[in-house]
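What follows is one structure encoded as structure tokens, with my remarks underneath.
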Amino acid sequence: MSPAHGFGPLWLPKGGARFHLFAPGKERVLLKLDSRSGARAAPVAMERDADGWHFIDCPRCEPGDRYAFDIGGLVVPDPASRFQPDGVHSASELIDLQAYDWRTVWQGRPWREAVICELHVGCFSASGDYAGVEARLDALVDAGYTAIELMPLAQFSGTRGWGYDGVLPFAPHCTYGRPERLQKLVEAAHARGLSVLLDVVYNHYGPDGYYVPQYWPQFVDPSLHTPWGAAINYGGQDSALVRQFVFDNAAHWLREFRFDGLRFDAVHAINDTSRPHLLTELATRLRREFKGRELHLVVENERNDAALLERTGGEPRQFTAQWNDDVHHGLHVALTGESEGYYSDYHGERALLPRALAEGFGFQGEFMRSLGRKRGTPSTALPPTAFVDFLQNHDQIGNRALGERVTALADEEAVAVALGVLLLSPHVPLMFMGEEWGARTPFAFFCDFPEPLATAVREGRRHEFEHFEAFRDATARERIPDPLAESTFERSRLDWAERDAPAGRVRLELVRRLLELRRREIVPWLREHPAPQGRWQMQEGAFTVTWRDGSALHLRCNLSGEPVSLPTVDGARRLLALGAVDGESLGGFALTWDIVDA
């Protein structure tokens, strides 16, 4: 028997469902089935084929029934469960996701139009659920966003967390609402012209509720290790079905929930030396499966591997874009002056910022001191839309010890100029929820693990910052928020009242102005000039960047804090000036954007 229809229960034509579990490490598996009416059937032995599939048909079961598998005294949920109403250690609920009545006709939006709001469902609204996100969609459209990106939803342990410790990758986290409610959120976003992306994690599983290796030992490769334990077996013996599981999961989100794209977390941590690499196979199969759709596949990749982003005829062969840490790090150092950790490389070499804006990657094969090795490959052949830039995201806020946003760290005028760079660059801009009004609520690391794991995470979080000057002292580390405390989660919740405060209204009006300018000028320019080549120059701590393909888009930017003179461009049409600008003179925090029409 093979899962030709994919993993998870299969609805039978005459009613009921077929349950199956791939458990080659077990000779006997029992199905435990509880009716939604409360009736409980005695556990039933499942048939086993020679490959290790255990299966059984249940003609009387229906949506809402609960089921689990007994694998020798240990009762586990379905690894492809579509919903876990009571968490990772409980029974799975039988769900018919195809029963949702989709009414909105949606063709998707071109990637060049993307302006992304990354958000955490639990912290985005007071209710912390899909309904809370839906209630604020109009506010996102009003700000100028064209897309939202949800942090991971795969069921993780406890009631709160970032989502990167998921263990049941097909099941949207139960705290945020039922799966049908997620479908409704996606449809509501589409009805407003918003694309919806989802963050998915295929480099590791979380530490609590990860039962799969106990009955499918080939799922992991004990010879390969990651920061989270044994690596998932993507390239070793018996890895074909593991790879199929990942493909089915990615397709599940795109098909059943109609997400417009996926953001693949930390793909540099995926261990696979086989050919084709998991990422290549995954992207190729998804593009074939969903051909004809506006499908956006985005990677986070510390390696800066341009090959993943190559184009054929202007279209992505594999991945649409990469999160561009080089632009973030360059902007952050310019705004804050911080120089610890990986910021040290950017503090010492300010030209990495304009290079990343012009060419894509800041590091294209050069030695990176903080990593202790060379990083990156040449990216000048890639179009600007192959890069997603940001001034803030969940990592760059939440991985700080105190979870401060840049608004708490930098001059307000400097941040405004940095937003002017971000939102009018031909790269694709992303902002973190609330950034459009200059939110000051922190976004800390939080989770909800049981003991003794909770204590280990709490202590590990504080040890993580021992090498930072501000937290070398144990007393100073006590100020780091306890990730297990519910108060840490609550402090990370957006305060929407800030949006209507005077400072919030000023910042929101600036963002609206910038994004309206982007819609009116930059997006049409990108349509006409999809792959302009960028050139950059540094001068006295400030820089210029020019993207040219017939006509030219020209940026002059000064984030040095001291006035600088930069040459203007003859025949240019001024799009925007921010800060003190007088001819060639730019104040300490200032920029201009100009277009020279062909």
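The values are calculated or read from the model by the stated rules, or taken from the named source; none is laboratory data. It should be emphasised that the depicted structure is a prediction, and the values quoted were computed from it without experimental measurement. In this analysis, Cβ positions are derived from the backbone assuming ideal geometry, glycine residues included, and neighbour counts consider all displayed protein chains.
Numbers below:
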| read-out | value |
| --- | --- |
| Candidates Ala306, Ala334, filtered to the one that is in contact with a Gly (Cβ under 8 Å, 6 or more places away or on another chain) and within 20 Å of Ser425 (Cα to Cα) | Ala306 |
| Meets criteria (at pLDDT below 95 and in contact with a Phe, Trp or Tyr (Cβ under 7 Å, 6 or more places away or on another chain)) for Asn271 | yes |
| Qualifying residue in segment 216-224 (condition: buried (at least 21 other Cβ atoms within 10 Å of the Cβ), within 30 Å of Val457 (Cα to Cα) and not assigned by TED's automatic domain parsing to the domain that holds Ser90) | yes |
| Of residues in segment 253-281 being over 17 Å from the mean Cα position of the chain (by Cα) and not in a loop (DSSP other than H, G, I, E, B), the one surrounded by the most Cβ atoms within 10 Å (Cβ to Cβ) | Leu278 |
| Count of segment 461-472 residues which are surrounded by fewer than 11 Cβ atoms within 10 Å (Cβ to Cβ) and over 29 Å from the mean Cα position of the chain (by Cα) | 1 |
| Complete set of residues in segment 174-201 that are closer than 28 Å to Gly229 by Cα and either without any contact (Cβ under 8 Å) to a residue 24 or more places away in the chain or of a type in the set (Asp, Glu) (or both) | Asp199 |
| First in segment 81-109 and within 25 Å of Leu12 (Cβ to Cβ), second anywhere and part of a loop (DSSP other than H, G, I, E, B) and among the charged types (D, E, K, R), Cβ under 6 Å, 6 or more apart | Ser92/Asp78; Leu94/Asp65; Ile95/Arg82 |
| Condition met for Arg285 (modelled with pLDDT of 95 or more and at positive phi) | no |
| Filter pass, Gly15 being among the small types (Gly, Ala, Ser), more than 37 Å from the chain's Cα centre (by Cα) and surrounded by fewer than 18 Cβ atoms within 10 Å (Cβ to Cβ) | yes |
| Meets criteria (closer than 29 Å to Val121 by Cα, buried (at least 22 other Cβ atoms within 10 Å of the Cβ) and under 20 Å from the mean Cα position of the chain (by Cα)) for Val415 | no |
| In segment 562-582, residue nearest to Leu422 (Cα to Cα) [restricted to those that are assigned to a loop (DSSP other than H, G, I, E, B) and at pLDDT 95 or above] | Gly579 |
| Residue match in segment 37-47 (condition: among the aliphatic types (A, V, I, L, M), in contact with a Pro (Cβ under 6 Å, 6 or more places away or on another chain) and outside any loop (DSSP other than H, G, I, E, B)) | no |
| Selection count where residues are surrounded by 18 or more Cβ atoms within 10 Å (Cβ to Cβ) and under 23 Å from Glu338 (Cβ atoms), scope segment 473-487 | 4 |
| Hits in segment 384-411 (condition: within 23 Å of Ala139 (Cα to Cα) and of a type outside the set (S, T, N, Q)) | Val388, Asp389, Phe390, Leu391, His394, Ile397, Arg405, Val406 |
| Segment 418-455 - residue that is β-branched (Val, Ile, Thr), within 30 Å of Gly587 (Cα to Cα) and out of contact with any Phe, Trp or Tyr (no Cβ under 8 Å at 6 or more places or on another chain) and, of those, surrounded by the fewest Cβ atoms within 10 Å (Cβ to Cβ) | Thr441 |
| Residue among Arg293, Arg258 that alone is at pLDDT 95 or above, farther than 29 Å from Ala230 by Cβ and touching a helix residue (DSSP H, G or I) at 6+ places or on another chain (Cβ under 9 Å) | Arg258 |
| Sole exception among (1) hydrophobic (A, V, I, L, M, F, W, C); (2) touching a helix residue (DSSP H, G or I) at 6+ places or on another chain (Cβ under 6 Å); (3) under 20 Å from Gly52 (Cβ atoms) for Leu198, by number | (3) |
| Count of segment 35-46 residues which are surrounded by fewer than 16 Cβ atoms within 10 Å (Cβ to Cβ) and within 21 Å of Tyr211 (Cα to Cα) | 3 |
| Those residues of segment 57-71 which are in contact with a Leu (Cβ under 9 Å, 6 or more places away or on another chain) and part of a loop (DSSP other than H, G, I, E, B), in sequence order | Pro59, Cys61, Glu62, Pro63, Gly64, Asp65, Ile71 |
| From the options His332, His347, His328, residue that is of a type outside the set (Asp, Glu) and touching a strand residue (DSSP E or B) at 6+ places or on another chain (Cβ under 9 Å) | His328 |
| Enumerated helices (runs of 4 or more DSSP H) restricted to segment 320-413, each holding at least 2 residues that are assigned by TED's automatic domain parsing to the domain that holds His268 and small (Gly, Ala, Ser) | 325-336, 343-348, 352-359 |
| Sole residue being more than 29 Å from the chain's Cα centre (by Cα), surrounded by 15 or more Cβ atoms within 10 Å (Cβ to Cβ) and either touching a residue at least 12 places away in the same chain (Cβ under 8 Å) or not in a helix (DSSP H, G or I) (or both), chosen from Arg493, Arg507, Arg548, Arg458 | Arg548 |
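Yes/no matrix, rows are residues, columns are (1) over 21 Å from Leu286 (Cα atoms); (2) at pLDDT below 95:
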{"residue": "Pro152", "(1), (2)": "no, no"}
{"residue": "Ser157", "(1), (2)": "yes, no"}
{"residue": "Trp162", "(1), (2)": "yes, no"}
{"residue": "Gly177", "(1), (2)": "yes, no"}
{"residue": "Glu180", "(1), (2)": "yes, no"}
{"residue": "Leu224", "(1), (2)": "yes, yes"}
{"residue": "Gly229", "(1), (2)": "yes, yes"}
{"residue": "Leu241", "(1), (2)": "no, no"}
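Per-residue answers, yes or no, for (1) in contact with a helix residue (DSSP H, G or I) (Cβ under 9 Å, 6 or more places away or on another chain); (2) in the same structural domain as Gly438 (by TED's automatic domain parsing); (3) closer than 30 Å to Arg400 by Cα:
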position	(1), (2), (3)
Ser487	no, yes, yes
Thr546	yes, no, no
His554	no, no, no
Glu584	no, no, no
